[in-house]
Amino acid sequence: MMTHVMINRYPVDTMTTDTETVRKGLLGVGIALCVLGVLALLLPAAAGLAVELVIGAMLLVYGTLGLIQALTSGERRWRGALIGLIAALVGLFLVLRPVGGTMLLATVLAVYFLVDGVFGITTAVYARNTVTAGMVGIGAAFSLLLGIVMLVLLPQAAPWLLGLVVGIHLLGDGIVSLIMSNRMRRHVAA
């Protein structure tokens, strides 16, 4: 009989993988993510700025390489060149104007939460006779509320809002990893 566990959303066959190694890996990742999450929550503006700079650098490199590839290919791929140029320019903006970049990213994140909330509520209403409709609706309402709060707090709160969201996400993933490690330990002991 095959036993599967989910690690970072991917199934791992514990019959062919050393379960104790996987468990210890989850424990280490969980501790690291919890520490980073707590640090981001304690220093949200610094975490928000760090996220913004990393995303900016990644977009700048991605865009530059995409632009070079599009322009040096024999077919002159204009669509690829345009996408590369836009990515490089956005990345450059984020790197050179970090305060404006955190505002941009926080606004995009707020709009994402608003759209996610509206679609989630629509889904919950449409599927109201299902077992999960209530939880979908609650999650969607939370997302919608978060998007509204973020938009109200912008622009003054942009740096720390990003850091706060990242901190919550890191801490949540860390806690899930620790729980999974604990469950694997109990499973192996049984």
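The values are calculated or read from the model by the stated rules, or taken from the named source; none is laboratory data. What you see is a predicted model, and the numbers here were worked out from it, not measured in a lab. Here Cβ is always computed from backbone atoms with ideal geometry, including for glycine, and neighbour counts include all displayed protein chains.
Quick notes on this one:
- Boolean, Leu145 is modelled with pLDDT of 85 or more, surrounded by 13 or more Cβ atoms within 10 Å (Cβ to Cβ) and within 23 Å of Arg97 (Cα to Cα): no
- So Gly84, is it surrounded by 14 or more Cβ atoms within 10 Å (Cβ to Cβ), at pLDDT 80 or above and closer than 20 Å to Pro159 by Cα: no
- From the list Gly84, Gly100, Gly80, the lone residue that is under 26 Å from Val166 (Cβ atoms), assigned to a helix (DSSP H, G or I) and not hydrophobic (A, V, I, L, M, F, W, C) is Gly100.
- Residue in the stretch 108-128 that is in contact with an Asp or Glu (Cβ under 8 Å, 6 or more places away or on another chain) and assigned to a helix (DSSP H, G or I) present: no
- Any chance Ala70 is of a type outside the set (Asp, Glu), surrounded by 14 or more Cβ atoms within 10 Å (Cβ to Cβ) and either in a helix (DSSP H, G or I) or free of Cβ contacts under 8 Å to residues at least 40 places away in the same chain (or both): yes
- The test for being hydroxyl-bearing (Ser, Thr, Tyr), crowded, with 16+ Cβ neighbours inside 10 Å and more than 29 Å from Gln156 (Cα to Cα) holds for Thr64.
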